[in-house]
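Worksheet: the structure to be examined is printed underneath.
Each reported figure results from applying straightforward, stated rules to the coordinates on display, with no laboratory input. Nothing here was measured: the structure is a model prediction, and the numbers come from that model. Glycine gets a Cβ as well: all are built from the backbone with ideal geometry, and neighbour counts include every protein chain shown.
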Amino acid sequence: MEMKNLVLFSPVGTSDPVRGGFDGSMLHIVRNYQPEKVYLYYSEEMQTRDLSDNKSESAIKYINEDIEVIKIEGTSEVFSFDSFINEFNNIVNRISEENPESEIIFNISSGTPQMKSTLCLEAVTSNKNIKVVQVLTPAKGANREEPELGIGRDIITIMENNLDSLDEAENRCMEPQIQSFRYSMIKSQIKSLIDIYDYEGAMRLMDNFSNEKLSKLINHCRLRVNLENTEALKEIKEYNGVNLFPVSESSIARLVEYFLTLKLRQKKGQLTDMVIALNPFAIELMREYIKRILKVDLDYCLEKKRNTGEIYINSAKIKSRDANFFKHLNNSFYGGFREGSSISIDFLDEAVVFYANSSRLNDVKFFNNIRKINQVLRNTSAHSLNAVNEDDIFKVSRMTSTKIIGRFEGLLKVVFTGRIDSRAFEIYDEINGYITEELDRYS
């Protein structure tokens, strides 16, 4: 066992330094690890019991007078887990700064349950060089039947009769992996990450769990938010018989999946990304709206450039098919409607205004506001370092981002009446529930 460059941090408990003729946990670690320094943490009660006659330091010095003992008088309430988190973290930082080359031993057998739990949590979350040591009682069970060491006892005589001083005495120290704490911490981290739909981050923690279904669910979502739907489908299609892609028609599913990425960006507060990504979705939805709700299929005026495959608008076809619409377009755009224009939100918005013909005014107004957002905010943020916030969106559209996403969802339901399972719009939260269900299998 390595005996160099070790320091011990230990709460002082009621069984320290000696109980029933054997070492208490703190002293037994000192005996078997021989640390250079021992940092003793005293609760208010233990300050009265131990510091009044200095018995813990005396017992340590009896084993090795060269060990330096540093006493810390604690301020936390002994049953307050939250207060120990901050206090112990500050103490461990101090110990690390004072002993940069040393490994820190945590005694997780002395003190209150709150102290022990806090040290375990600190060990699994810290990036410092820490090992935890647990000490079994001589009876390998509860030690409460043995009397505590009272104030004013002759510690030297007690140490001379300490059975752990014998050559044949058993080393009762063990170094647990505290896997349950590790699992609890990682479970909490994964749950926090999926709550904000950070499946990429959650996936990086999956090496700690040998659960194929859990891994597939998280990776499914990771692929899905990146619109890699074919790969997501290959990863896992259903969970316990429940279909994870509730929209069966591929053309509609494609639009819904893209909308869900916008919804997630809005939920995460990534409003700049949401606004920049709005354009292709709005174009597709408006085309479907005009075709299915206003009963006008604009595909007649669209052509594909041979060399690039780019879709453009043939204004001659519009003029031939619907002269009044062509006139409306010419009057709506500065300098008239340009031949060969790409299909855009501006063009589609004018089509909605013209063909709605003073009906569906709420939809007309909404699409016009999306056009303003696209013109004012998307183009600005896409070509500058300016971020988009909630106030920016409201100033331009008189709508919140939440309302915009809600209106888009409502329009999808109207445009594709009866063809979108309502589960589709909350599918990520549903899958998050399945992920949590799998995580909870680990206790």
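Only Cα pairs under 8 Å and 6+ residues apart enter the sum, and on that basis the relative contact order of the range 6-176 stands at 32 percent. Under a model in which nothing but the beta-carbon of Lys, Arg (+1) and Asp, Glu (-1) is charged, the range 171-279 shows a dipole of about 280 debye around its Cα centre.
GNM on the chain, alpha-carbon springs under 10 angstrom: the most fluctuating residue among I178, I194, I218 is I178. Stretching R292 away from S422 to a fully extended chain increases their span by 44.8 nm, per 0.36 nm per residue minus the current alpha-carbon distance. Averaging Cα coordinates gives a centre for the range 12-39 and one for the range 234-281; these two points are 59 Å apart.
For the pair D207 and D440, the difference between a 0.36 nm per residue extended length and the Cα-Cα distance amounts to 82.2 nm. With respect to the chain, whose longest principal axis is taken over its alpha-carbon atoms, helix 345-356 is tilted by about 60°.
In this structure the amide hydrogen of I130, modeled in the peptide plane, comes within under 5 Å of the amide hydrogens of I104, none closer than 5 places in sequence on its chain. Taking Lys and Arg as +1 and Asp and Glu as -1, the other residues whose beta-carbon sits under 15 Å from that of E44 total -3. For trypsin sites (Lys or Arg not before Pro), the sites in the range 228-272 that DSSP calls loop and that have at most 15 other Cβ atoms within 10 Å are K237, K268.
Computed about the Cα centre, the dipole magnitude for the range 6-176 is approximately 340 debye when only Lys and Arg (+1) and Asp and Glu (-1) carry charge, each at its Cβ. Can you give the FRET efficiency for E98 and E200, using 1/(1 + (r/R0)^6), R0 = 45 Å, r = Cβ-Cβ distance, to the nearest 0.05? Here the calculated transfer efficiency is 0.70. Each residue of the range 160-172 was assigned a 3J(HN,Hα) from its phi angle through the Karplus expression (A = 6.51, B = -1.76, C = 1.60, θ = phi - 60°), giving 5, 9, 6, 5, 6, 7, 5, 4, 8, 5, 7, 7, 8 Hz with x at Gly and Pro. For the range 83-90, 3J(HN,Hα) computed residue by residue from phi via the Karplus equation (6.51, -1.76, 1.60; θ = phi - 60°) reads 5, 5, 4, 6, 5, 5, 4, 5 Hz, glycine and proline entered as x.
Using the Cβ-Cβ distance between N357 and K305 with R0 set to 25 Å, the FRET efficiency from 1/(1 + (r/R0)^6) comes to roughly 0.20.
The mean sequence distance of close C-alpha pairs (under 8 Å, at least 6 residues apart), as a share of the length of the range 257-361, puts its relative contact order at 23 percent.
Proximity of backbone amide H atoms, modeled 1.01 Å from N, is registered between L8 and K37, V38, Y39, I105 at under 5 Å, excluding neighbours fewer than 5 places apart on the same chain. Between E238 and K267, the simple label model (points 7 Å from Cα in the Cβ direction) yields a spacing of 2.4 nm. Mean residue ellipticity at 222 nm, helices only, the chain: -15000 deg cm²/dmol; runs of at least 4 DSSP H residues each add -39,500 (n - 2.57), and the sum is divided by the number of residues.
The overall shape of the range 222-294, judged from the alpha-carbon gyration tensor, is oblate: a/c is not under 1.5, and a/b is no greater than b/c.
Note on V414 and N379: their simple-model spin labels are 2.7 nm apart, each label 7 Å out from Cα toward Cβ. Computed from phi, the 3J(HN,Hα) profile of the range 215-222 under the Karplus parametrisation 6.51, -1.76, 1.60 (θ = phi - 60°) reads 4, 5, 4, 5, 5, 4, 5, 4 Hz, with x in place of Gly and Pro. All other residues whose Cβ lies under 11 angstrom from that of K372 are scored, Lys and Arg at +1 and Asp and Glu at -1, for a net of +3. Comparing G406, G21, G309 in a Gaussian network model of the chain where C-alpha atoms under 10 Å apart are linked, the largest mean-square fluctuation is found at G309.
A crude spin-label estimate for the pair E36 and N171, with each label 7 Å from Cα along the Cβ direction, gives 2.1 nm.
The convex hull of the Cα atoms of the chain, projected and averaged over all directions, covers 30.7 nm². Selection among I158, C120, N32 by position relative to the dipole of the range 6-176 gives C120 as farthest towards the positive end (Cβ unit charges, Cα centre). Once you reduce the range 49-112 and the range 161-211 to the center of their Cα atoms, the two points are 22 Å from each other. DSSP bridge analysis restricted to the chain gives an antiparallel fraction near 35%, rounded to the nearest 5. Within the range 28-64, what residues put their amide N at less than 20 Å from the label point 7 Å along the Cα-to-Cβ vector of S126? Inside the label zone: 28-43. Just to be sure I understand: with springs between alpha-carbon atoms less than 10 Å apart, which residue in S15, S332, S180 has the highest mean-square fluctuation in the Gaussian network model of the chain? Evaluated over the chain, the most mobile residue of the options is S332. Counting only other residues whose beta carbon sits under 15 Å from that of A123, what net charge do I get with K and R as +1, D and E as -1? Taking every other residue near A123 into account, the sum is +1. Relative to the longest principal axis of the Cα atoms of the chain, helix 361-372 runs at roughly 70 degrees. In the chain, a dipole from Cβ-located charges (positive for Lys and Arg, negative for Asp and Glu) runs towards its positive end, and of A59, N90, I293 it is I293 whose Cα lies farthest in that direction.
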